[in-house]
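Q: Structure provided below as structure tokens; questions to follow.
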Amino acid sequence: MGSARTYYSTLYQQNKVAIVGGGLAGLISAILLQKKGWAVTLFEKKQFPFHRVCGEYISNETLPFLNRNGLFPQDLNPENIDTFQLTSLNGRSAELSLDLGGFGISRYSFDNFLYKKAIAAGVIVHCNTTVESIEYRDDDFILKTSGGDHNSRLVIGAYGKRSRLDHTFNREFINRRSPYVGIKYHIQIDHRPGLIALHNFKDGYCGISNVEDGKTNLCYLTHRDNMKKYGNIRDMEEAVLWKNPFLRSIFRKAVFVFDKPEVINEISFETKKPVEHHVIMAGDAAGMITPLCGNGMAMAIHSAKIVSEWGDKFMKKEITRDKMERGYAEEWAAEFSTRLWTGRQVQRLFGGEGASNLAVNLARYVKPVAGFLVEKTHGRVF
Ligand SMILES: Cc1cc2nc3c(=O)[nH]c(=O)nc-3n(C[C@H](O)[C@H](O)[C@H](O)COP(=O)(O)OP(=O)(O)OC[C@H]3O[C@@H](n4cnc5c(N)ncnc54)[C@H](O)[C@@H]3O)c2cc1C
């Protein structure tokens, strides 16, 4: 009897996967791995549903994958987006039609939809639970969490752009300060259906596009010096963002749905390693693309697909841990490195007056160049 119990508990132990973070990368890899028969536990430090700083435009490169896996949120009425508008500080504007396009949906609704899908698939989700450290010992992991210790055979780090865990791994980027601040609102305004607009201002840019239920997302990236200079968000917006006449008009007409905006600091676009201390990183934890490319969520979804394929092979004992780690890192680099690099270069075109005028002129008069940049910062349909 004792040996049967030991046998089954060893078997269960061998089936355990832990996922840290309940964003798109974490929730989707949890669903995929649970459906493949593994015992998945996901830890999320917040409670669903909740708002996140994000432009909430998802590239259509994700559509076949989401549809194949029953993860496209059709019933939530996402907005179809097919046109891109770029404006400069001096009020010039250019439009491009987006070959592939995308859809607009709030993270509040989409992440909550995926959370429910994960629960329905059988994933054990611990909300309000922070993972404080992850230790690899004797080919097994021990996770210390705010709700107690947990062990598992495979750990996926899907904890986003920045976490205390990055300090425990002593990752290089975490010790360098980053000047970027992200701010998001939901507003009500008559924003043209199907349009995603990117409005430049000094040292930043602001995206505007519709999400579900007649709401519009207004999300911008600014420099902390802008914040420091004006002391508070409202005064900074009036002094800096409103210099772009498009933004002035939008801010004046909009009805703001939130009492106060969602804000995040220290957004870093530096390179990271996709595997760290044997933890397989997915989504922003593996590398974050600049938001102006509108591709971070597609990358998080795509990396969840890749990580769950390599993780499944390892869990089935078809490959060693070493082979999984090397194989995942190579596939991750082949799929995402060029996109991240191009995103960093394109980011330099924004923020300064001359550079943003140049970007608008490029989009206006040299459409193939603008189309080329959109293509280089996006992936293929998967
Ligand atoms: C200003 C801005 C605008 C953007 N706009 C767009 C856009 O329009 N389109 C687009 O495609 N991308 C956009 N992005 C990028 C996009 O938001 C991210 O790429 C995407 O959210 C990454 O998903 P993720 O699952 O990796 O991480 P996240 O969605 O950040 O999820 C990580 C989760 O981990 C949890 N967590 C962290 N640490 C711990 C811990 N120790 N224990 C437990 N849980 C933990 C967090 O609470 C969080 O829920 C934007 C980003 C910014 C900053």
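Rule-based calculations on the coordinates, nothing more; no lab input. None of the values given here were measured: they were computed from a predicted structure. Here the Cβ positions follow ideal geometry from the backbone for every residue, glycine too, while neighbour counts run over all protein chains shown.
Q: According to the square roots a ≥ b ≥ c of the eigenvalues of the Cα gyration tensor, what is the shape class of segment 146-222, taking rounded for a/c under 1.5, prolate for a/b larger than b/c otherwise, and oblate for the remainder?
A: oblate
Q: Sticking with this structure for a sec: Which entries in the list K35/K317; K45/K323; K116/K144; K36/K313 go over 20 Å, if you measure between the two C-alpha atoms of each?
A: From K35/K317; K45/K323; K116/K144; K36/K313, over 20 Å: K45/K323; K116/K144.
Q: Let me ask something additional. Taking R0 as 41 Å, what's the FRET efficiency between D99 and R177 from their Cβ-Cβ distance, rounded to 0.05?
A: 0.60
Q: Taking K and R as +1 and D and E as -1, what net charge do the other residues with C-beta under 13 Å from the C-beta of N77 add up to?
A: Combined, the nearby Lys, Arg, Asp and Glu give -3.
Q: Quick one: grab the alpha carbon gyration tensor of segment 1-126, order the square roots of its eigenvalues as a ≥ b ≥ c, and give me rounded if a/c is under 1.5, else prolate or oblate depending on whether a/b is larger than b/c.
A: prolate
Q: Note down the magnitude of the dipole of segment 154-238 about its Cα centre, charges +1 on Lys and Arg C-beta and -1 on Asp and Glu C-beta and zero elsewhere, to the nearest 20 debye.
A: 420 debye
Q: Using the Karplus equation 6.51 cos²θ - 1.76 cosθ + 1.60 (θ = phi - 60°), what ³J(HN,Hα) coupling, rounded to whole Hz, does each residue of segment 40-53 give in order, writing x for Gly and Pro?
A: With coefficients 6.51, -1.76 and 1.60, one gets 9, 10, 10, 10, 10, 6, 10, 10, 6, x, 8, 7, 9, 6 Hz.
Q: Moving to a separate point now. Mind running the shape call on segment 138-189? Use the C-alpha gyration tensor, a ≥ b ≥ c as the square roots of the eigenvalues: rounded below 1.5 for a/c, prolate if a/b tops b/c, oblate otherwise.
A: Oblate.
Q: Per the Kirkwood formula on distinct C-alpha pairs, the Rh of segment 188-227 is how many angstrom?
A: Evaluated on segment 188-227, it is 11.1 Å.
Q: Return the subset of K184/K229; K161/K202; K16/K316 for which the Cα-Cα distance in this structure is over 22 Å, preserving the input order.
A: Result: K161/K202 exceed 22 Å.
Q: Further question: At 222 nm, what value in deg cm²/dmol follows for the chain if DSSP H runs of at least 4 each add -39500 (n - 2.57) and the sum is divided by all its residues, to the nearest 500?
A: -11500 deg cm²/dmol
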